[in-house]
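Taking it in order: structure first as structure tokens, then the write-up.
The values are calculated or read from the model by the stated rules, or taken from the named source; none is laboratory data. These numbers were taken from a predicted model, which means no experiment stands behind them. So basically every Cβ, Gly included, is an ideal-geometry build from the backbone, and we count neighbours across all protein chains shown. Quick note on the areas: whole protein, heavy atoms, side chains included, nothing else; ligands and nucleic acids left out. Shrake-Rupley method; radii C 1.70, N 1.55, O 1.52, S 1.80 Å.
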Amino acid sequence: MYTYTASVSSQLPTCSSPSHPPPHHSTPLCYSLIGVLIYMAKLYSPCYLIIFFIISHLVMSIIGNLHLKPYEVLSQLYIETSLIISADSDDATLATSTDFGKLVQEIPAAVLYPSSTDDIVKLVNFSNNGVSVPFGIAARGHGHSVRGQAMAPNGVVVVMNFLNNNNNINGIRVSWDPILGFGYADVGGEQLWVDVLHATLEYGLAPVSWTDYLYLSVGGTLSNAGISGQTFRYGPQINNVLEMDVITGKGEFMTCSKHTDSELFFAVLGGLGQFGIITRARIVLEKAPTTVKWVRVLYADFSKFTSDQEQLISIDGMDYVEGSLMMNQSPPNNWRSSFFSHSNQSKILSLISKYGIIYCLEMVKYYDDHTANTVDEELHKMMKGLNFLSGHIFKKETTFVDFLNRVKAGEIKLQSKGLWDVPHPWLNLFVPKSSIMGFNDGVFVDIILRQNKTTGPILVWDDRMSVVIPEEETFYCVGLLHSCGFKDCESLDVQNEEILNYCGKSDLKIKQYLPHYRTKEAWKNHFGKKWEVFEQRKSQFDPKMILSPGQKIFN
């Protein structure tokens with residue numbers, strides 16, 4: 001298994017649709033029967049049976065009948081697109097009832113394939129005003145959550161990427177502002193970051209903050225934060241948003257920014273989908289580099305490893321800084337990238353055998369034709385004084401696109417072996433700088449090394465946003481990115497609980513990133529002093545608690 005760490009210090013403040021989506025007809029059709037989408041529980045051989053209906057007018061006069069089951073109420077909702085409704089059957093689940101984590105299954109009453117944002121507005125308004133008891137609604141981008149966060153048990157899952165299939169008016173539109181001196185892209189919330197990358201590169205521009213995996217939706221990452229090795233320099237993705245279009249939990253379509261409806265703007269960014277569905281975001285762009293110098297150095301001493309990370313993020317010039325842990329039976333190359341040559345892998349494995357854990361510091365410097373003659377000298381100056389193991393420096397040069405999209409190759413390889421669509425009991429933690437040595441001793445060495453599992457960064461963000469971080473200027477994000485067979489999930493979850501219990505008993509003051517809790521009290525403890533504001537914002541923008549019920553914060 002693999003462990004990643006990265007240092008970050010910021011200056012600035014997900015459903016898969018059926019393989020054959022519902023077709024369109026020139027003449028609207030109306031069926032009285034309830035549509036059924038069946039997804040067999042056998043994940044490796046899915047079987048779909050779809051019966052759908054398309055109706056041309058929205059009827060909002062329905063007053064919910066409490067004796068009707070959720071899907072029976074929804075069968076009376078008429079939307080100018082396909083609302084696929086599931087029968088209440090123990091034998092059938094919707095394709096949207098699971099996610100990348102493969103740990104949770106929640107069956108929705110229906111799935112909406114919107115042809116426009118108006119369809120989503122109508123759906124949210126119907127839940128607010130058309131029934132006695134509101135039903136939950138979850139927006140799903142690429143379905144990459146791991147604990148059911150984008151699910152809606154007995155509610156409706158909105159397949160956001162279907163907007164893209166219907167030539168959504170938002171799409172990806174690139175602009176340049178000569179007054180501000182930078183570009184921006186207006187991007188539909190359903191768009192994947194990999195498509196944003198390719199669309200903006202056509203203009204010689206690109207976003208500055210990324211996630212390690214690009215096949216995530218814009219709305220999905222902005223609802224959490226969006227972090228990677230660039231975060232120390234540019235901030236998380238939520239720091240690089242100028243404006244958004246949002247559908248609130250009250251069914252209001254609103255445009256917000258730092259200066260217009262700012263309360264909604266800051267609530268939605270990192271808000272776990274609790275306050276609104278992002279349908280458009282205006283993303284900051286800068287001139288794109290063409291090539292990168294990619295360097296990795298190795299450490300046996302954790303204190304030297306963290307000290308060098310903190311030095312690199314404190315100086316100007318490096319574009320990406322991230323770290324990882326390598327342990328016995330964990331190959332130096334992994335699904336996140338294939339970096340080391342075969343001979344170098346043998347060299348590294350001997351180090352792991354000697355020390356048990358090897359810490360790898362990864363750094364990247366961007367350049368183009370104008371800076372190609374000076375990039376090596378700049379990189380040498382920035383690395384001067386680093387205390388890595390002598391002779392254990394490894395260098396590589398690749399294109400900007402291939403570096404950003406490095407995880408895709410690993411995904412393809414794992415898919416070919418049937419090892420991608422497996423459970424992922426991930427745990428992501430923010431660990432304060434003051435606690436990182438204790439975390440290494442108690443978690444990396446005592447718990448992780450003992451079981452040979454996975455880990456990871458350091459961030460500072462605008463405190464007005466909903467995302468919760470430790471109360472220190474510098475902190476690490478530790479990502480334990482487990483993959484396993486279904487029979488191993490329980491043991492890995494036990495390990496995750498052991499880590500959380502250790503952090504709590506040792507008062508390490510960690511916070512979860514992509515949080516998952518089972519009780520409201522645990523959520524209140526997670527948000528701490530932000531809970532009151534978070535609760536007030538929920539009352540303001542989603543008073544009937546309709547949005548993102550899969551997070552299980554208010555539901």
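Sorted on the mean count of surrounding Cβ atoms within 10 Å across their residues, most packed first, peptides 316-326, 232-242, 479-489 read 232-242, 316-326, 479-489. As a rough guide to protection, the peptides 184-196, 367-379 ranked by mean Cβ packing within 10 Å, highest first, stand as 184-196, 367-379. Phi angles of the range 210-218 translate, via the Karplus equation with coefficients 6.51, -1.76, 1.60 and θ = phi - 60°, into HN-Hα couplings of 9, 10, 5, 10, 8, 8, 10, 7, 4 Hz per residue; Gly and Pro are given as x. Over the range 223-265, the hull volume per residue, using the convex hull of the C-alpha atoms, is 72 Å³. Going by amide H atoms built from the backbone, whose H comes under 5 Å of the H on residue 513, apart from near neighbours? For residue 513, whose amide H was placed from the backbone, the distant partners under 5 Å are 428, 429, 430. Think of each Lys and Arg Cβ as +1 and each Asp and Glu Cβ as -1; about the Cα centre, that makes the dipole of the range 300-384 roughly 580 debye. In terms of the mean number of neighbouring beta-carbon atoms within 10 Å, the peptides 125-133, 272-280 order highest first as 272-280, 125-133.
Over the range 496-555, what number does the Rg to Rh ratio reach, with both radii from the alpha-carbon atoms and Rh per Kirkwood? Show your work: numbers first, answer last.
Numbers: Rg = 13.1 Å, Rh = 12.8 Å.
Rg divided by Rh gives 1.02.
Computed over the Cα atoms, what is the radius of gyration of the range 276-325 divided by 2.2 N^0.38 Å, N being its residue count?
On the way: Rg = 16.4 Å, N = 50, 2.2 N^0.38 = 9.7 Å.
Relative to the 2.2 N^0.38 Å estimate, the range 276-325 comes out at 1.69.
Partner lysines whose Cα lies under 30 Å from the Cα of residue 538, excluding those fewer than 8 positions away in the same chain, are identified as 69, 102, 122, 250, 258, 509, 511, 520, 524, 529, 530, 552. For residue 183, the residues 5 or more places off, or on other chains, whose built amide H falls under 5 Å of its own are 177, 285.
In this structure residue 115 has an accessible area near 40 Å², from a 1.4 Å probe over the protein heavy atoms.
Karplus-derived 3J(HN,Hα) values for the range 199-206, using 6.51 cos²θ - 1.76 cosθ + 1.60 with θ = phi - 60°, are 5, 6, 5, 4, 9, x, 10, 6 Hz; glycine and proline are entered as x. The lysines within cross-link reach of residue 293, meaning a Cα-to-Cα straight distance under 30 Å and a gap of 8 or more places when in the same chain, are 304, 347, 354, 365, 381, 384, 395, 396, 408, 413, 433, 453.
With the cut-off at 1.5 for a/c, could you classify the range 239-332 from its C-alpha gyration tensor as rounded, prolate or oblate? Prolate, because a/c is 1.5 or more and a/b exceeds b/c.
Provide Rg over Rh for the range 100-197; use the alpha carbon set for both Rg and the Kirkwood Rh (inverse mean inverse pair distance). Numbers along the way, then the final one.
Details: Rg = 16.3 Å, Rh = 15.2 Å.
Radius of gyration relative to Kirkwood radius: 1.07.
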